[in-house]
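Below: the structure, in structure tokens.
Every read-out reported here was derived from the displayed coordinates using simple, explicitly stated rules and does not represent laboratory data. All figures in this text were calculated on a predicted structure; none of them were measured in a lab. For neighbour counting, all protein chains shown are included, and Cβ atoms are generated from backbone atoms with ideal geometry for every residue, glycine included.
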Amino acid sequence: MNAIRFLPSDGLPALLSCLVKTGRRILAPVEKPAVKSSVVFEPWSEGKPLTLQKATVPAKEAVLPQCETLLSYRQTKNADTAALNLDDTPNAQPTVVFGARPCDACGYAVLDRPFLQGPFVDPYYRARREQLVVFTTTCGSGCATCFCHWLGGGPSSPEGSDVLMTEIEGGLVLQSVTDKGAELLNSMPPAAKLADGAPVFRQAEEARKKAWASLLPAPDIKSARQAIAGIFSDANFWQEQTDRCLSCGACTYFCPTCYCFNITDEGDGYEGGQGGRRLRSWDNCMSSQFTREASGHNPRTDKALRMRNRVSHKYSFYPENWGAASCSGCGRCVCNCPVYLDIRAIVLAAIKHAGDK
Amino acid sequence: MRIGVFICHCGSNIGGTVDCAKVAEKAALFPDVVYATDPMYTCAEPGQATIESAIAEYRLDGIVVASCSPRMHEPTFRRTVERAGLNRYMLEMANIREHVSWIGKDVESNTNKAAELVAIAVAKLRGNTPLHSKSFEVNKRVLVIGGGVAGIQAALDCADGDIPVVLVEREATIGGKMAKLDKTFPTVDCSACIVGPKMVDVAQHPLIALYALSEVEEISGYVGNFTVKIRKRAPYVDWDKCTGCGACSVKCPSKKTPDAFNEFTGVTTAIKVAFPQAIPKKAVITAAHCRQMSRGKCGVCAKVCPTGAVNYDMEDVIVTEEVGSIVAATGYDLMDWTVYKEYGAGRYPDVITSLQYERLLSGSGPTCGHIRRPSDGREPRIIVFIQCVGSRDRSIGRPQCSGFCCMYTAKQAVLTKDHLPESQSYVFYMDIRAPGKMYDEFTRRAVEEYGVEYVRGRVSCVYPDGKGAYSVMGVDTLLGRPVEITADLIVLAVGIEGSRGAGELAEKLRISYDNCGFFMESHVKLKPVETNTIGVFLAGVCQGARDIPASVAQGSATAAKVLGLFARDRLENDPQIACVDMRRCVACGKCVRCCPFGAIEEVSVRDEQKAHVIETVCQGCGLCAATCPQGAVQLAHSTDNQILAEVNTLCRY
Amino acid sequence: MPVLEGKELRIVGFLCNWCSYGGADAAGVGRAVQPTDLRIIRVPCSGRVDPIFIVKALLNGADGVLVSGCHPRDCHYSAGNFYARRRLEVLKQFLPVLGIDEARFEYTWVGASEAQLWQHVVTTFTNRVHALGKAPRFDAVEPLLKIADMALTALRPLGTGKNAALPKLKEAIKAKLPELECVIGWQQGYDEARTVPLFARTPQDVDKFVWGPFNVNNPAVYLPTFRGKKVGIVVKGCDARSVVELLQENLISREDVILFAMPCEGTLDMARIGEKLGRYTTVDAVVCDEASITITADGKEHRFCMADFAQGKCYGCATPLAALSDVSFGAPVDVKPVSATPPELALLDSLSLPERMSFWRGQMGKCLRCYACRNACPMCVCRDYCVSDSRDPHWMSQLADEREKLFFQTVHAFHLAGRCTGCGECQRACPVGIPILALRQQIGRVIEQLFESYKAGTDPAAAPPLLTYMPQEKNIHERGWK
């Protein structure tokens, strides 16, 4: 199945309200004004302004929220009996992520592997992922920090997306890349202001080509996996690369492919002191607590070893397991880092360092 | 955890305005509560028995008693749970009497409030852990700081109770202010004659080690085990050799040395024994006025000393003493009286302090007991005493009464008449405060038998009249008219303050002190000689104005406290104290800096500096816990998590 | 627990065991009728009450909080309430910046025998809270986003540091390098319009040093990690204040640090530069003249005048050259400090209390808890044991809730009270541009007003104001209970 549609520039609200009418939650990028403005995905409702800029924070929340309740419990007591009621229904609702970028969408593909394709399927993730449709805006150009094309992606790469949207003069061309996407496009009523996109599809292809052409040439990083594995125990290398790291979690929390989490139980007070809940929240391997054991012992003693883990996971361990890097090259870890620690530079340095050895 | 809750009716005290059964019913639903009941009188024997049997029957490991204030019955119920085999600290109380039933009559609100107070008690109890006291040995020696009459009394009483005493005196002799007095009220007996023998007793007591001309440099440790560093200032005379013969001062050429013992009413020699009855009776050189030491040539005293005791190169020595308890008896000093410019204080030679006047009266004073004006040596005829100079004066921030000035002024007026029968004394006063035994009778005698003129009112100014006398302008508020007296000598009853350096000493002792440098007692009525630092006691005027009998009584009181403390061989600490989680500690020292008790020290653990709580010193205030940003210091039974549990129970959307 | 609807409000009291709890008991014994709203939490001493307990209560549903301790000088522990008085006064004056009415919090002193006073305090405070009504719920207000106006006038001419003694600096560093573990400074980042911290260990590294308005990072943040090793550090005036503060807190030792002081002419506000540059692929050129920077990106020229694009802190900076240094490359600039409200704080000042709450709700909604703010802060030394994700003590949960996030920021601000030098790294590090510096600025302002213009990081020997006290405070006055 395939569907190509054209949406005139002023048609966005109409399309979104039709999507809302399908009972789906729409997560769309919203610009948050500040001295340093940011763009974040938020539930869209009628009349709310949105932007198609690349978001500061990727739309990972749609499948893996910052914090979710895995289960809640409530104790009911009376004079003779005490009972515990558990609720572990995943918190999921049909969702459209509207206006992701190819690097965000690629993130879903990276997350799908461990959460859905491994020996254990995460029911919470699955519940949300299955109900998710991703509308991706293809990029018009690269930027100083992004590098999706190093990793096989690109400004119009369809991986992880259901619908690709490309800006042309006068509007957007919407092209389904999965059946899910096509079905949703086909189901849109006339009120959605969608016209046949085939006549203008060439313009979209032109725009995509132009975007590709704007990218700086990508270095060859095919040997990254072996190279990084090869210098795993070269403490000096990792030390030098991470001198300036502040050990915060910006790189991981802004990453569309990082998926580590922590589970904490909040015992008291919830529901009037008689219950509690189990929370799953983002965790990050840049924190010393990530590997701190109950005894107090910590096998990853300093930030160099933690950064080694992050880079190795993305470029070595994950590829080992799943055949692809767990990095979409969005560059958010670079531009959001308070000290601009550049994973591109580390990977290149690792390749060079391994070659020198 | 298995928690039992007991909601006390306290007869109708609580039951009258709180539905106790309903509170118990609600409490049964709180987390970890397995048993809840509402006894009539929980503190009575049957009530306590209910608790004990419930602990056994329901295998409880902690209980909440909702009843009266924990300040009332916490010790009672702690004993109860202990009898039932639980740790005594596995108890929390909810105060539903003083804080609920007694302050409102609305049953619905009261019942709800009582249930919530129980809920926070349960929340807190869930964080309790069994605590155990540590016991430690007591070093049965006492340090007495200050050798005035209060300190002397404390030292003698302790020593007579077989407790070795270290007595530290800043001056070259003990005796304090009392040794400077001529006579004492109300008996007008010789001051030196009554304090003198006590001073000799101190010198001769085998259990008293006296450090004169010494000051406390540093105090560390805690009750039972204080370590005190004492600075022995150099007297430039080897006291082991000095016999106090006085040959040195006879020959000393530097005869214009200001005489501190005589309150600077006269001059003396650079080397001398403070006064004839001084204890220890040893010579001291005032370095600033010694020709040998300031100009490098003289050396007369060294030549004449029959035992060769003079040593100009002597240096201060620091000695360390270990004691188990400390008595502070540092007395007082006069406030800076020169702020009273209107009286010419410090400017006119014949406007003097009462303590200076005391030296003029004294047979051992600079005038050998003849009253002479400092300006011209003439005998005064008209003498004006002005009271409350620096007492009860809010304008200079001295609201308090100096206590004994009314009495000594009367005494000095009486003595004046004895010395100079032709003289006439006037006393400007605000009120006569004579509350002691025979005191009022004494002041009446001054007026009635000695013809002292008492003028109720303040003096506005004193100025020289140009003919060698002074005009004293005042007002008689009883007659409501101005008064002008031409006086030959004016004696000011200067207000007192804690002795010089009292604040620094208080900080070393970790006790508090007030604006005027007086030390704070633990409780103004019930613990008048204790301080908030256990093992540190207060005697005499260092705590506030008092006269000789009260100072002596307090000296004895502190001795009783010391002897009581030392009656036990070991002391136990309260285990509700702070504890440092070494892993969390970054040794920033914030807790060390704040601790009012110096109970936190930095120790080296595997080459890393860490804070460490000295368990026996910590008093459990929790200031450190509120100060440590990373939550590394926690106060047992008042941990962050426990207080948070209480807050969270109350405040949650 | 829910309050008695329509009857009561949620009022929490923290009472010291010795005086005020006794006073409340005495009031009960005297049958002194009081409103029933107050719930008393017994603590050993008012000094035990960490101000953030109070913030916790107020953010989570308390309508009023009352702390009562022994009268000053009557503290059972001699000085606990002296410390409490300072901390609680700072809290009281801080609360409005969060949008919380300071009248909802009060602290007072009631002795164990003062039954009538206690009755009066409870009655007055309860009536006051009832007059204010139920506290607005933080999670119920509409988010509000407003932008601070950064148009400011500098106290001194700002420049690009074009003529600074960079070659001399390099020379001096090279001379000292053999005795040092490394020297911390700045080098070019992923493009010319960015610098990143440099850790020079070899003379070749030293050649990478750059100097100019892009040197925004505060290198002092790394010093505590080198504790026990001797390092060099190149500092701007503001960075040196962080070093001084670290020295003051005993977190580094003076003999382990060699300071190279460079005269700073101002640094760029990279947030505003970023806004202006927008999305670009490459920086073609960066050209400086005396007072401005021209960045050419993707062929397009952008000119940034230092006077218009400096960091907020640079406009009011009176110490462009470090006072404390070992090697200095400039003469002290005579700038008269002027007390001016920083722009972020001025924005908050211009808002009403409900608007401030809305503002923080809107801002904290963006927070991902990456803790870049915390880790970029040179004074945040708890690091691996921050209370943000600790279970013991368990100050906050991992809930992705604006209230919890704002609570963390408040905790951070409070832990920095009297320690924050206003370097602004927290805010600069925030990837989503939350103006969290305003919270620290508010505390800084309160501390300055209360404690005789105390400024953190100016005197290594000074006692931090919240770690000391005066028996009689000059600027903290007891409020009557009339």
Expressed in angstrom, Rg and Dmax over the Cα atoms of chain C are 24.9, 83
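From the Cα trace of the stretch B:3-125, what convex hull volume per residue do you get, rounded to a whole Å³?
On the way: hull volume 9.7 nm³, N = 123.
Taking the convex hull of the Cα positions in the stretch B:3-125, it is 79 Å³ per residue.
What average count of beta carbons from other chains do you get within 10 Å of the Cβ of residues in B:616-625?
Rounded to a whole number, the mean comes out at 6.
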Descending packing, highest mean Cβ count within 10 Å first, for B:181-190, A:279-288, B:631-640 is B:631-640, A:279-288, B:181-190
Per the 1/(1 + (r/R0)^6) rule, R0 = 56 Å and r from the Cβ atoms of residue B:72 and residue A:87, FRET efficiency to 0.05 is 0.80
Along principal axes, largest first, the alpha-carbon spread of the stretch B:474-553 in whole Å comes out as 54, 26, 22
Counting every C-alpha pair in the stretch B:336-494, the percent lying more than 18 Å apart is 56
Given 37 °C, 0.692 mPa s and a Kirkwood radius over Cα pairs, the Stokes-Einstein diffusion coefficient of the stretch C:443-482 in µm²/s is 286
For the table B:255/B:281; C:56/C:134; C:146/C:313; C:229/C:313; C:168/C:236, the rows whose alpha-carbon distance is greater than 25 Å are C:229/C:313
Nearest-0.05 FRET efficiency for residue B:137 and residue B:250 at R0 = 41 Å, using Cβ-Cβ distance, is 0.20
So, for the Cα atoms of chain B, Rg and Dmax in Å stand at 31.6, 98
For the stretch B:412-500, the convex hull over Cα atoms projects on average to an area in nm² of 7.9
The distance between the Cα centres of the stretch B:202-252 and the stretch A:17-35, in whole Å, is 85
Reduced to Cα centres, the span from the stretch B:599-649 to the stretch B:428-442 in Å works out to 53
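Divide, for the stretch C:365-450, the radius of gyration over alpha carbons by 2.2 N^0.38 Å, where N is the residue count.
Output field value: 1.04.
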When all Cα-Cα pair distances of chain A are considered, the percent exceeding 36 Å is 28
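Listed highest first by mean packing, meaning other Cβ atoms within 10 Å per residue, what order do C:59-72, A:90-103, B:306-319 come in?
Top of the packing list down: C:59-72, A:90-103, B:306-319.
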Here the whole-number average of other chain Cβ atoms within 10 Å per Cβ of B:6-12 is 0
Sorted on mean Cβ neighbours within 10 Å (highest first), peptides B:76-86, A:321-331 come out as A:321-331, B:76-86
Taking a crude spin-label model, label points 7 Å out from Cα along the C-beta direction, the residue C:102 to residue B:316 distance in nm is 4.5
Taking N as the number of residues in the stretch A:219-357, the ratio of its alpha carbon radius of gyration to 2.2 N^0.38 Å works out to 1.20
Sorted largest first, the C-alpha extents of the protein assembly as shown along its principal axes in whole angstrom are 133, 84, 63
With N residues in the stretch A:34-177, Rg(alpha-carbon) / (2.2 N^0.38 Å) equals 1.33
Kirkwood-based Rg/Rh on the Cα set of the stretch B:578-636 evaluates to 0.91
Stokes-Einstein, Kirkwood over Cα pairs, the stretch B:250-333, 25 °C, 0.890 mPa s; D in µm²/s equals 163
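If the stretch C:1-131 were replaced by its equivalent ellipsoid, with semi-axes equal to the square roots of 5 times the Cα gyration tensor eigenvalues, what would those be, largest first, whole Å?
Working: eigenvalues 91, 77, 25 Å².
After scaling each eigenvalue by five and taking roots: 21, 20, 11 Å.
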With label points set 7 Å from each Cα along the Cα-to-Cβ direction at residue B:220 and residue B:653, the distance between them in nm comes to 5.2
Only helices counted: for the protein assembly as shown, with every DSSP H run of 4 or more residues adding -39500 (n - 2.57) and the sum spread over all residues, [θ] at 222 nm is -8500 deg cm²/dmol
Simple spin-label estimate for residue C:116/residue C:336, 7 Å along Cα→Cβ, in nm, reads 5.3
Partner shielding of A:286-292, as the mean number of partner chain Cβ atoms within 10 Å, equals 3
From the Cα centre of the stretch B:142-158 to that of the stretch C:358-389, the distance in Å is 58
Note: the stretch B:272-428, point scatterers on Cα, Debye, no solvent; log10 I/I(0) at q = 0.12 Å⁻¹ equals -0.82
Taking only the alpha-carbon atoms of the stretch A:284-341, the convex hull volume per residue, in cubic angstrom, is 92
What the Cα atoms of the stretch C:166-328 span along the principal axes, largest first and in whole Å, is 48, 35, 26
